[in-house]
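Written out below as structure tokens is the structure these notes cover.
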Amino acid sequence: MSEFDCDLFVVGGGSGGVRAARMAAQRGARVVLAEAAALGGTCVNVGCIPKKLYSYAAHFADDFRDAAGFGWEVGTPRFDWHKLKANRAREIARLNTVYAGLLDGAGVEVVRGWATLADAHTVQVQTTGGVQRWRAAHILLATGGTPTVPDFAGRECVLTSDNMFDLEPFPRRLAVVGGGYIACEFASIFRGLGAQVTQIYRGEQVLRGFDHDIRAFFAQETRKHGVDLRVHTEVSAIARRADGLHLDLGKGGTLVADAVLYATGRVPNASGLGLEGVGVRQGNTGAIQVDERFRTSVPSILAVGDVTARLQLTPVALAEAMVVVDQLFGSGQRSMAYELVPTAVFTHPNIGTVGLNEAEARARHGAVRIFRSEFKSLKHTLSGNSERTLMKLVVDVATDRVVGLHMVGPEAGEIVQGFAVALKAGATKAVFDATIGIHPTAAEEFVTMREAVADQTAS
């Protein structure tokens, strides 16, 4: 390896890149990591962590109202947007330091600057001190994704999810364009914090790809929470005027807002890496194409995480990074499975899901049995809150295996995480039925549903 300056050069200091770098270094590899922005990537800085913190903040509005039904007399609450922003910024700065400490402790050399590929084994980094070059036995690209906004009249007036955490001033009227989980989460957050929120989606229902019952039920609940959700609606143009941003909705009329968030998709953050020059193949969206071992079309160059656009979740990037480290510096036995990956949407109420939705299950297994339960939680029998919970199981008739589990309701992510282990282990509906529930909890409903609401076959 004397011809190389390092065994592994990692481009990108987000979840996947940091995990790969420090795990490889702990196995004795010489590792260099380049990052031009704050360590931690999207998840730590403008994604999972700050979004969940803001989601917690937004839930307090409901908590204050719910407390009255339990005998608490709460004065008129006052929300301080600036204090929330400052506290969030302090916590993110702490996490940035933690990431730096993890890399330093593992012996990873961190280079601050923008990295590009010069050839199959050479990376050059533009730093404040000039261009530096490294020869590496292996190069790992872990540059993540970035929000994308379509080209239309008034595009310059809109914000992306990256901009939402430090908005100034707080938008009293917020328009959210999009129907994916990011759009739904920010609509819920800012509504909970006190904004008047209108969510605009051109499709027939938000959260495309989720189970149809979950989509419909969530739409009902988010409207109850005060989000003005408008489907089959498109923005044709935006103009800035004295009283705010005017959104032309075509036949839907005009909407005036103080701020407009476009959460209409993310694309791989792959431009400017020099991929074309070294022959790294990309898909139509710019995603880096990799095989099951995360190798690109250039064998010495690998890629993980959102830049490959496989399954854009932080825990997936972490798992992919561990496969790469094992392939390069371990036994090579580790592999990655993309089925039965649980996920949550931190809306109000939360959504948690693992496995196949009903339509997917019908297409794959033919005959399926559906169990569904909708109810008001025990808490809301006193709070007066009209929020309801939905739980759903999808069972393969031939094997009795539970192949899909879905929930809309408080702490859905926390509940579904545990059940994901059961699905991964191949639990059948009989196993669910034989499991004693914890009473009184919402989670027990998943093991007490006995009557199928429908037997469905592939159409």
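Each value in this text was obtained by applying a stated rule to the coordinates, not by laboratory testing. Owing to the predicted nature of the structure, the values given are computational and were not obtained by experimental measurement. No Cβ is skipped: glycine too gets one built from the backbone with ideal geometry, and neighbour counts run over all protein chains shown.
Numbers below:
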read-out: Spacing of the two label points (7 Å from each Cα toward its C-beta) at Glu3 and Thr254, in nm; value: 6.7 nm
read-out: Using alpha carbons only: equivalent-ellipsoid semi-axes of segment 77-116, gyration tensor based, whole Å; value: 32, 13, 5
read-out: Segment 240-381, Rg to Rh (Cα coordinates; Rh as Kirkwood inverse mean 1/r); value: 1.10
read-out: Simple spin-label estimate for Glu339 and Ile436 in nanometres, 7 Å along Cα-Cβ; value: 3.3 nm
read-out: Percent antiparallel among DSSP beta bridges (both partners in the chain, rounded to 5); value: 65 percent
read-out: Modelled FRET efficiency - R0 51 Å, Phe64 with Arg135, Cβ distances, 0.05 increments; value: 0.30
read-out: Cα-centre dipole for segment 343-456 with unit charges at Cβ (Lys and Arg positive, Asp and Glu negative), debye to 20; value: 100 debye
read-out: Calculated [θ] (222 nm, deg cm²/dmol) that DSSP helices of n ≥ 4 give over the chain, each run adding -39,500 (n - 2.57); value: -9500 deg cm²/dmol
read-out: All lysines inside 22 Å of Lys224 as judged from Cα atoms, apart from same-chain residues fewer than 8 positions distant; value: Lys51, Lys52, Lys376, Lys379, Lys392
read-out: Extension gain from Trp114 to Ser271, taking 0.36 nm per residue of separation minus the Cα-Cα distance; value: 55.4 nm
read-out: Cα centroid separation, segment 99-152 to segment 333-385 (Å); value: 37 Å
read-out: Any cysteine of the chain lacking a neighbouring Cys Cβ under 4.7 Å - listed by number; value: Cys6, Cys157, Cys184
read-out: Cut-off 18 Å (backbone N to label point 7 Å along Cα→Cβ of Leu382), residues of segment 425-453; value: 439-442
read-out: Over segment 1-126, volume per residue of the alpha carbon convex hull, in Å³; value: 125 Å³
read-out: Positive-end extreme of charge dipole, the chain - chosen from Leu302, His365, Ala37 (charges on Cβ); value: Ala37
read-out: Three-way shape call for segment 145-270 based on the alpha-carbon gyration tensor, with the a/c threshold at 1.5; value: rounded
read-out: In segment 280-354, the GluC sites (Glu not before Pro) that fall in loop regions by DSSP, at most 11 other Cβ within 10 Å; value: Glu292, Glu339
read-out: Full-stretch length increase - Asp400, Arg230 - with 0.36 nm per residue and alpha-carbon distance subtracted; value: 57.3 nm
read-out: Whether the chain is rounded, prolate or oblate, judged on the alpha carbon gyration tensor where a/c under 1.5 counts as rounded; value: oblate
read-out: For segment 343-456: Kirkwood Rh in Å [reciprocal of mean 1/r, alpha carbons]; value: 14.3 Å
read-out: Those GluC sites (Glu not before Pro) in segment 412-459 that DSSP places in a loop and that have at most 11 other beta carbons within 10 Å; value: Glu451
